[in-house]
Amino acid sequence: MKTLVWVEHDGSAVKDATLAAVTAASKLGEVHLLVAGEGVDGVAKAAAEIAGVGKVHVADNAAFAHNLPENVAPMIAGLMASHDAFVAPATTTGKNIAPRVAALLDVMQISDILSVEGDKSFTRPIYAGNAIATVESSDAKLVLTVRGTAFEKAAASGGSGAVEAVDGGSDAGISSFVGAEIAKSERPELTSAKVIVSGGRALGSSEKYEEVIVPLADKLGAALGASRAAVDAGYVPNDYQVGQTGKIVAPEVYFAIGISGAIQHLAGMKDSKTIVAINKDEDAPIFQVADLGLVADLFTAVPELTSKI
Ligand SMILES: Cc1cc2nc3c(=O)[nH]c(=O)nc-3n(C[C@H](O)[C@H](O)[C@H](O)COP(=O)(O)OP(=O)(O)OC[C@H]3O[C@@H](n4cnc5c(N)ncnc54)[C@H](O)[C@@H]3O)c2cc1C
């Protein structure tokens with residue numbers, strides 16, 4: 001089986017989510033990559049070095065500059081004439097493009113796969129991760145999105161894929177890129193961080209989040225996260241949200257501070273290797289998944305912990 005993997009990149013480097021998608025794709029057969037964008041020579045070179053990659057298709061065209069699915073999906077559908085499966089990381093971009101590809105191919109997408117059980121058989125979470133379904137496709141072509149935390153990352157070096165240009169591509173004229181405001185941060189990215197410190201509603205304000213959560217994250221070199229309640233209350237920006245409707249993370253260590261452990265939050269972090277919970281309510285559901293739990297008032301416990309690191 002020949003797979004075509006969507007390469008997630010920022011214009012200069014391949015993003016980690018791609019590496020997990022490559023591992024998933026390698027379980028199906030030969031791995032080809034697709035690098036789309038404008039001026040993406042550097043990304044294509046880096047992609048060709050990913051271990052196990054046979055070929056890198058490079059679609060370098062102004063129409064693909066901002067990954068508008070309306071422009072990118074028809075090009076991918078064309079490439080699928082010579083591939084059996086399209087595999088994208090289950091990221092914002094992957095989830096934006098894959099359904100349109102599936103629609104153009106008239107097949108059903110299988111979303112957020114956790115494992116590859118056979119040529120056309122996969123597991124995926126349902127009911128916010130409370131049950132795992134095994135699904136089998138009877139479609140001629142597969143369109144899959146891959147949960148990054150469920151697969152090891154392929155090695156970023158050691159490969160020698162052949163780079164091949166994809167001809168054509170045009171602006172479909174039904175959408176246009178208006179602008180992007182990219183938050184710049186010295187911190188590790190939430191989905192690839194080794195340590196995450198998340199704060200919940202208990203913090204009460206953005207000032208308290210800054211005062212209590214940020215210094216601990218600084219000491220640990222951690223990414224910052226939050227529950228939806230903290231995001232909805234405006235303590236932190238939307239892209240901090242961990243959970244069913246936020247980011248899915250699985251760091252080495254996850255701190256849940258003043259977070260109750262609602263099922264929708266757990267859906268985003270329960271695969272973390274070590275979960276540390278600080279909550280003043282000993283019956284909080286977060287303690288059921290925590291490896292280390294501290295029943296304490298966060299406003300005293302966290303500064304004390306921070307001062308001792
Ligand atoms: C469709 C849907 C999707 C959702 N998606 C998400 C999602 O992606 N992510 C997400 O997080 N939520 C999501 N939610 C919301 C979720 O159900 C919860 O409402 C939310 O996670 C609660 O956030 P919280 O734990 O910060 O707040 P709360 O549930 O209010 O918990 C606050 C906790 O802080 C503790 N506390 C209070 N004061 C202190 C103190 N001084 N010291 C220590 N502990 C203290 C309390 O004991 C309590 O356990 C979703 C809900 C729905 C319906």
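The values are calculated or read from the model by the stated rules, or taken from the named source; none is laboratory data. This one's a predicted model, so the numbers in the text were calculated from it and none came from an experiment. Positions of Cβ are backbone-derived with ideal geometry, glycine not excepted, and every protein chain shown enters the neighbour counts. Side chains are part of the model used for accessible areas, which takes the heavy atoms of the whole protein and leaves out ligands, DNA and RNA. Shrake-Rupley method; radii C 1.70, N 1.55, O 1.52, S 1.80 Å.
One table, with the values for the structure above:
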quantity	calculated
Residue, farthest from Ala296 (Cα to Cα), within the stretch 203-225, restricted to residues that are in a helix (DSSP H, G or I) and touching a Leu at 6+ places or on another chain (Cβ under 6 Å)	Ala217
Pairs where the first residue, in the stretch 88-102, is of a type in the set (Gly, Ala, Ser) and the second is surrounded by fewer than 22 Cβ atoms within 10 Å (Cβ to Cβ), C-beta under 6 Å, 6+ apart	Ala90/Asp112; Ala98/Gln109; Ala102/Gln109
Strands (runs of 3 or more DSSP E) enclosed by the stretch 18-119 - at least 1 residues per element that are open to solvent by less than 20 Å² (accessible area, probe 1.4 Å)	30-37, 53-60, 85-89, 109-113
Those residues of the stretch 209-238 which are within 12 Å of the ligand (Cβ to nearest atom) and open to solvent by 70 Å² or more (accessible area, probe 1.4 Å), in sequence order	Arg228, Asp232, Asn238
Residue, most open to solvent (accessible area, probe 1.4 Å), within the stretch 264-309, restricted to residues that are among the basic types (Lys, Arg), more than 9 Å from the ligand (Cβ to nearest atom) and not in a helix (DSSP H, G or I)	Lys273
Of all residues in the stretch 1-15 being touching a strand residue (DSSP E or B) at 6+ places or on another chain (Cβ under 9 Å) and outside any strand (DSSP E or B), the one that is surrounded by the most Cβ atoms within 10 Å (Cβ to Cβ)	Val7
Any hit, the stretch 169-182, residues being under 24 Å from the mean Cα position of the chain (by Cα), in a loop (DSSP other than H, G, I, E, B) and of a type outside the set (A, V, I, L, M, F, W, C)	yes
Residues located in the stretch 191-208, provided they are away from the ligand (no atom under 11 Å from the Cβ) and buried (at least 22 other Cβ atoms within 10 Å of the Cβ)	Ala193, Ile196, Val197
Condition met for Gly129 (in a loop (DSSP other than H, G, I, E, B) and without any contact (Cβ under 8 Å) to a residue 60 or more places away in the chain)	no
Pick from the stretch 226-255, criterion touching a Gly at 6+ places or on another chain (Cβ under 8 Å), modelled with pLDDT of 95 or more and of a type in the set (Gly, Ala, Ser), ranking: nearest to Val302 (Cα to Cα)	Ala226
Sole residue being free of Cβ contacts under 8 Å to residues at least 60 places away in the same chain, at positive phi, small (Gly, Ala, Ser) and in the same structural domain as Thr149 (by TED's automatic domain parsing), chosen from Gly52, Gly11, Gly42	Gly11
Looking only at the stretch 239-259, and only at residues there that are more than 20 Å from Ala284 (Cβ to Cβ) and in a loop (DSSP other than H, G, I, E, B), the one that is farthest from the ligand (Cβ to nearest atom)	Glu252
The stretch 132-161, residues that are in contact with a Leu (Cβ under 8 Å, 6 or more places away or on another chain) and part of a helix (DSSP H, G or I)	Ala150
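Here is a yes/no grid of residues against (1) touching a helix residue (DSSP H, G or I) at 6+ places or on another chain (Cβ under 6 Å); (2) outside the structural domain of His57 (by TED's automatic domain parsing); (3) open to solvent by less than 80 Å² (accessible area, probe 1.4 Å):
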residue: Phe122; (1), (2), (3): no, no, yes
residue: Tyr127; (1), (2), (3): no, no, no
residue: Ala133; (1), (2), (3): no, no, yes
residue: Ser138; (1), (2), (3): no, no, no
residue: Thr149; (1), (2), (3): no, no, yes
residue: Gly173; (1), (2), (3): no, yes, yes
residue: Val178; (1), (2), (3): no, yes, no
residue: Glu181; (1), (2), (3): no, yes, no
